[in-house]
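Step one of this worksheet: look at the structure below.
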Amino acid sequence: MPYRTYYQHCIAPDCGAEFDLDARLYVCSRCGGLLDIERREKVDSAALRELWMQRRASFDPRDRSGVWRFREFLPFTDDADVVSLGEGNTPLYDAPRSADYCHLPQLKLKHQGCNPTGSFKDTGMTAAVTQARKLGARLVVCASTGNTAASLAAYAARADLLCAIVVPSGHVSHAKLAQALDYGAKVFEVDGNFDTCMNLIRELAEDESVYLVNSINPFRIEGQKTVAFELAEQLEWQVPDHLIVPGGNLGNSSAFGKGFRELLESGLIKKQPRITVVQAEGAAPFARFYSNPEHFVNDEHPQTLASAIKIGAPVSWQKAWRAVQETGGSVITVTEQEIADAKAIIGRDGIGCEPASATTVAGIRKLKINENESVVAVLTGHVLKDTDYVIKYHDGSLVAPGGEKLASSFGNSPVRVSFSQDLHDLQDLKDILKIQ
Ligand code: F0G
């Protein structure tokens, strides 16, 4: 594939500046707008579908990756020195209990928590860290609510790059912090929230030897957009009527928007799904903008127990807005109780996700989608990412940021038994389980 078909392009309608693919930029150097990576090439969609299927039987590490398998749509040459952990290839599950809960027979869950570090971030990180190495960066950095940190730390370790991460002190789950430390990243805990960390890291990234890989970096979006390709392929190129994603920094919704747009433009699909973004009620600047699209107003003090999406100043909101508008989607909010209950229901399907991911099922229940329509919810992180939350929900001790104690509506706390006093024989166990 000829290399020069790719370039960077400012999305601001009154700017539209173009830059070389390898210009080390995060935003437009002319107007500060967000950058997209664009391609100028027609494709043979039927031949590509077949090639991508054939690669599923290949042992080439790039073909084993659910991201690089679609490399005809990635801005790298064929001989790129790819940094991969075998990301992507995540399951698309039927989920009968969640479907019942949402009164929607055709609900499926795309579990991005099944990626190597347990979240969807890996699909973008493989592309961003590959680009970092290509540009000769020595240090890769990000601000994070936890998952980007875990993912970057792992990919930086694979690429043998130094890695520094800035997180809001006390607001990142132990599991995510543990991952970043274990993979050898230098972690800085900062007083403040994610948005404080993001501002700090953007200043740091002005230095030439540093490469920023938050989702403002368009290479992250390129990797993440392939999830749309994988999903479309799993559905035999019949896309669902609706795609529901959680919204935090709004990179993921932007990436789905770009992925589906490119698939449509290339003739690989016939229509785009309506993209709906779900935010937690206490951290919902994008939902407020959707209701009143005059000015985008940041949330100074975002609050939610879904710590992954506790973000008040999402950097990619213009791209996410484009995705919602182009596809006829929407942006809604859900309460802490709704998130917690939806999470428990997803768990009962034997799937399990972290709280931020459960905003999707909570949102779908509220959306009043016609039961004939097909819906895919994207679960962004694994249940083991935040086990404190799970245990507290089930034993009834989960407290929302405002101080309200959440109901353990679908609670399942451990039964304390003394073997000698309560459990003498099988009948005792059956009595406890209420089976005859
Ligand atoms: N779900 C999970 C599990 C996340 O970790 C994030 C973001 C989101 C949803 C929201 O995705 O930001 O693309 O809108 N986590 C980032 C992090 C911010 O630092 O790990 P988004």
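The values are calculated or read from the model by the stated rules, or taken from the named source; none is laboratory data. The structure presented is a predicted model; accordingly, all values stated were derived computationally and were not measured. All Cβ positions, glycine included, derive from the backbone under ideal geometry; neighbour counts span all protein chains shown. Note: accessible area is taken over every heavy atom of the protein model, side chains too, but ligands, DNA and RNA are not part of it. Shrake-Rupley method; radii C 1.70, N 1.55, O 1.52, S 1.80 Å.
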Round to the nearest 10 and give me the degree value, 0 to 90, for the angle of helix 147-159's Cα axis relative to the longest principal axis of the chain.
-> 50 degrees
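How large is the Kirkwood hydrodynamic radius of the stretch 309-409, in angstrom, based on all distinct alpha carbon pairs?
It works out to 14.9 Å.
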19 Å cut-off, amide nitrogen to a point 7 angstrom out along GLU208 Cα→Cβ, residues in the stretch 129-153 = 132-141
Trypsin sites (Lys or Arg not before Pro), restricted to the stretch 11-56: which are DSSP loop and have at most 11 other Cβ atoms within 10 Å?
-> ARG40, LYS42
With a 10 Å radius around each residue's Cβ, average the other Cβ atoms per peptide and rank 130-138, 242-250, highest first.
-> 242-250, 130-138
Quick calc: nm separation of the 7 Å Cα→Cβ label points for ASN199 and ASP20 -> 3.4 nm
Note down the accessible area of CYS163, probe 1.4 Å, to the nearest 10 Å².
-> 20 Å²
Of PRO355, TYR389, ASN372, which is farthest along the charge dipole of the stretch 347-401 in the positive direction, counting Lys and Arg as +1 and Asp and Glu as -1 at C-beta?
-> ASN372
Each residue of the stretch 32-42 in turn: what ³J(HN,Hα) in whole Hz from Karplus with 6.51, -1.76, 1.60 and θ = phi - 60°, glycine and Pro shown as x?
-> x, x, 6, 10, 10, 9, 10, 10, 10, 7, 8
Label-point gap, in nm, between HIS171 and LEU135 - each point 7 angstrom along Cα→Cβ | 2.6 nm
Separation between the ASP425 and ASP81 pseudo-spin-labels, each 7 Å from Cα along Cα→Cβ, expressed in nm?
-> 7.1 nm
Highest-fluctuation residue, GLU233, GLU208, GLU87 considered, GNM on the chain with Cα pairs under 10 Å = GLU208
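How big is the antiparallel share of DSSP beta bridges in the stretch 77-208, given as a percent to the nearest 5?
Roughly 25 percent of the DSSP beta bridges within the stretch 77-208 come out antiparallel.
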Nearest 10 degrees, 0 to 90: helix 218-234 Cα axis against the chain principal axis | 60 degrees
Anything over 30 Å Cα to Cα? Flag those among LYS42/LYS366; LYS258/LYS385; LYS270/LYS385; LYS110/LYS186; LYS42/LYS134; LYS392/LYS434, in the order listed.
-> LYS42/LYS366; LYS270/LYS385; LYS110/LYS186
Counting only DSSP loop positions in the stretch 51-153, the chymotrypsin sites (Phe, Trp or Tyr not before Pro) whose Cβ has at most 12 other Cβ atoms within 10 Å are PHE59
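Sorted by accessible area (1.4 Å probe), largest first, how do LYS271, LYS225 line up? Don't jump to the answer; show the numbers that get you there.
Numbers: LYS271 85, LYS225 0 Å².
Descending accessible area places them as LYS271, LYS225.
Give the accessible surface of the chain per residue, rounded to a whole number of Å², with probe radius 1.4 Å and ligands, DNA and RNA excluded. Provide the component values of the computation, followed by the final result.
Working: 18660 Å² over 436 residues.
With all protein chains present, the chain gives 43 Å² per residue.
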Give me the percent of DSSP beta bridges within the chain that run antiparallel, rounded to the nearest 5.
-> 35 percent
Diffing the stretch 101-116: the Karplus 3J(HN,Hα) column from phi (6.51, -1.76, 1.60, θ = phi - 60°), in whole Hz with x for Gly and Pro, holds 4, 9, 6, 9, x, 9, 8, 10, 10, 9, 9, 6, x, 8, 7, x
Alpha-carbon spread of the chain, three principal axes, descending order, Å = 74, 49, 48
Could you tell me the distance between the Cα centroids of the stretch 137-204 and the stretch 311-369, to the nearest Å?
-> 24 Å
Normalised contact order of the chain, rounded percent, pairs of Cα under 8 Å and 6 or more residues apart = 15 percent
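Sorted by accessible area with a 1.4 angstrom probe, largest first, how do LEU35, LEU161, LEU51 fall?
Working: LEU35 0, LEU161 30, LEU51 60 Å².
Of LEU35, LEU161, LEU51, the descending order of accessible area is LEU51, LEU161, LEU35.
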Computed on alpha carbon atoms, what radius of gyration and Dmax characterise the stretch 190-282, expressed in Å?
-> 16.2, 48
Using a 1.4 Å probe and ignoring any ligands, DNA or RNA, find the accessible area of SER173 and quote it in Å² to the nearest 10.
-> 10 Å²
Determine the share of the stretch 296-436's accessible area contributed by carbon and sulfur atoms, expressed in whole percent, with a 1.4 angstrom probe.
-> 51 percent
³J(HN,Hα) across the stretch 69-80 via Karplus (A = 6.51, B = -1.76, C = 1.60, θ = phi - 60°), whole Hz, x for Gly/Pro?
-> 4, 9, 5, 4, 9, 10, x, 9, 7, 5, 9, 4
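Which percent of the accessible heavy-atom area of the stretch 164-295 goes to carbon and sulfur, probe 1.4 angstrom?
On the way: 2280 of 4880 Å².
Reported share for carbon and sulfur atoms: 47 percent.
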